[in-house]
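Peer 1: The structure follows.
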Amino acid sequence: MTGVGIIGLGMAVKPHALALRDLEAAGRVRVLGGFAPSGDRRAAFAAAWGWPVFDRIEALLHAPGLDLVIILTPPRTHLPLAEQALAAGCHLLVEKPVEWDAPRAAALVDAATRAGRRAAVVFQHRFRPAALRLKAALAEGALGDILSASASIRWWRDDAYFATPGRGMKARDGGGVLLTQAIHTLDLLLHLAGPVRSVTGFARTSGLRAIDTEDIAAAALRFANGAIGAVDATTVARPGFPERIEIAGTRGSAALVAERLDLHIAGGAPEVIDHGNAGGGGADPMAFDHGPHRAMITEVLDAIVQDRPPSNDAATGLPVQRLIEAWLRSADSGVPETP
């Protein structure tokens, strides 16, 4: 049984806690407790979940039986917290993005490698049943060669969301809609269609919020496999719509809309997998099922036991971060950039 601790008890904790409660009931984990600097957050966490809380991070990291630390804090804190956890001999699961920028993210990956520990990143969209089916179809060559791969993330975030101090500010979050919200869909697009060779990007801040990061962005992508595509992302599309990925190949096409997949393969009947299309695109960013989080954490637990990299290894989170940074460089320079 794997001992788990949580650092950071804010908004992101709920789906992790729900998943861990399921896994604890199944005998896969023992939750040793959580830490946050805020006494109010510690009290709320203890009341909601019944697990212990620690008022010092050192007390959590040295709790007997701790194997895996889940880090759910703002991006710029991930590297120092990871280094502390690695020094205590723990494996890591880090909320997206891996870190504030790509060099710091790479440093976190390198630190885990040197320590001989596993480090994974929270990209739960990869573990949605519809996404898993599409990934398998692409791996089997069912759609043929990919010709076009595009995505649209037209979400809404209200004033209450941005009321959290520092939210939407580069100093706290590292970026805006691309790094904070659209990163899940962008990562899934790369996970499905492969790496991007060049990006021509646009980005701006709407003025609807007192933030210094982009909340509207669009780009043209050229993939390494020769496919091309377009992506747009925003958090100003009231009331928020399900994110979508569309892929067209030489033998078929697919539309993945939140957790619904419509798969059309030449010569066969359409295949539909529908687990809903809520996706957290509206004012409540946590309005989604925790099943993919459970599947993601299970993959990390299995990887630790089997001594192998998890499919969501933190290193696999670097390409999307580099794409986002190239996108924003292109928006500034007005020319295509290479991730």
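Peer 1: Could you check Phe223 against (1) in contact (Cβ under 8 Å) with a residue 12 or more places away in the chain; (2) more than 30 Å from Asp145 (Cβ to Cβ) and say which number it fails?
Peer 2: With (1) in contact (Cβ under 8 Å) with a residue 12 or more places away in the chain; (2) more than 30 Å from Asp145 (Cβ to Cβ) applied to Phe223, the lone miss is (2).
Peer 1: Go through Arg329, Arg322 for me and flag whichever is touching a strand residue (DSSP E or B) at 6+ places or on another chain (Cβ under 7 Å), assigned to a helix (DSSP H, G or I) and not hydroxyl-bearing (Ser, Thr, Tyr). First the steps, then the outcome.
Peer 2: Working: Arg322 fails: touching a strand residue (DSSP E or B) at 6+ places or on another chain (Cβ under 7 Å).
Only one candidate passes the filter, namely Arg329.
Peer 1: Among the residues in the stretch 197-210, are any assigned to a loop (DSSP other than H, G, I, E, B) and either under 17 Å from the mean Cα position of the chain (by Cα) or among the aromatic types (Phe, Trp, Tyr) (or both)? Break it down into steps so the answer makes sense when it comes.
Peer 2: Our first condition is that a residue be assigned to a loop (DSSP other than H, G, I, E, B); within the stretch 197-210, this holds for 205-210.
Those left that are additionally either under 17 Å from the mean Cα position of the chain (by Cα) or among the aromatic types (Phe, Trp, Tyr) (or both): none.
The answer is no; no qualifying residue exists.
Peer 1: With the condition kept exactly as written, say whether any residue in the stretch 18-36 is in contact with a His (Cβ under 6 Å, 6 or more places away or on another chain) and over 19 Å from Val305 (Cβ atoms).
Peer 2: Yes, because at least one residue in the stretch 18-36 is in contact with a His (Cβ under 6 Å, 6 or more places away or on another chain) and over 19 Å from Val305 (Cβ atoms).
Peer 1: Same structure again: Would you mention how many residues in the stretch 231-249 are on the phi < 0 side of the Ramachandran plot and under 20 Å from the mean Cα position of the chain (by Cα)?
Peer 2: First, pick out the residues of the stretch 231-249 that are on the phi < 0 side of the Ramachandran plot: 231-239, 241-249.
Checking the rest, the ones that are also under 20 Å from the mean Cα position of the chain (by Cα) come to 231-235, 241-246.
Within the stretch 231-249, residues that are on the phi < 0 side of the Ramachandran plot and under 20 Å from the mean Cα position of the chain (by Cα) number 11.
Peer 1: Looking for whichever is over 19 Å from Glu337 (Cβ atoms), modelled with pLDDT of 95 or more and in the same structural domain as His184 (by TED's automatic domain parsing) here; the options are Val231, Val196, Val257. Which one fits?
Peer 2: Values: Val231 fails: over 19 Å from Glu337 (Cβ atoms); Val196 fails: over 19 Å from Glu337 (Cβ atoms).
Going through Val231, Val196, Val257 in turn, the sole match is Val257.
Peer 1: Sort through Ala210, Ala203 and tell me the only one that's free of Cβ contacts under 8 Å to residues at least 60 places away in the same chain and either more than 21 Å from Val94 (Cβ to Cβ) or acidic (Asp, Glu) (or both).
Peer 2: On the way: Ala203 fails: free of Cβ contacts under 8 Å to residues at least 60 places away in the same chain.
Unique residue meeting the criteria: Ala210.
The values are calculated or read from the model by the stated rules, or taken from the named source; none is laboratory data. Because the structure is a prediction, the values reported are computed rather than measured. All Cβ positions, glycine included, derive from the backbone under ideal geometry; neighbour counts span all protein chains shown.
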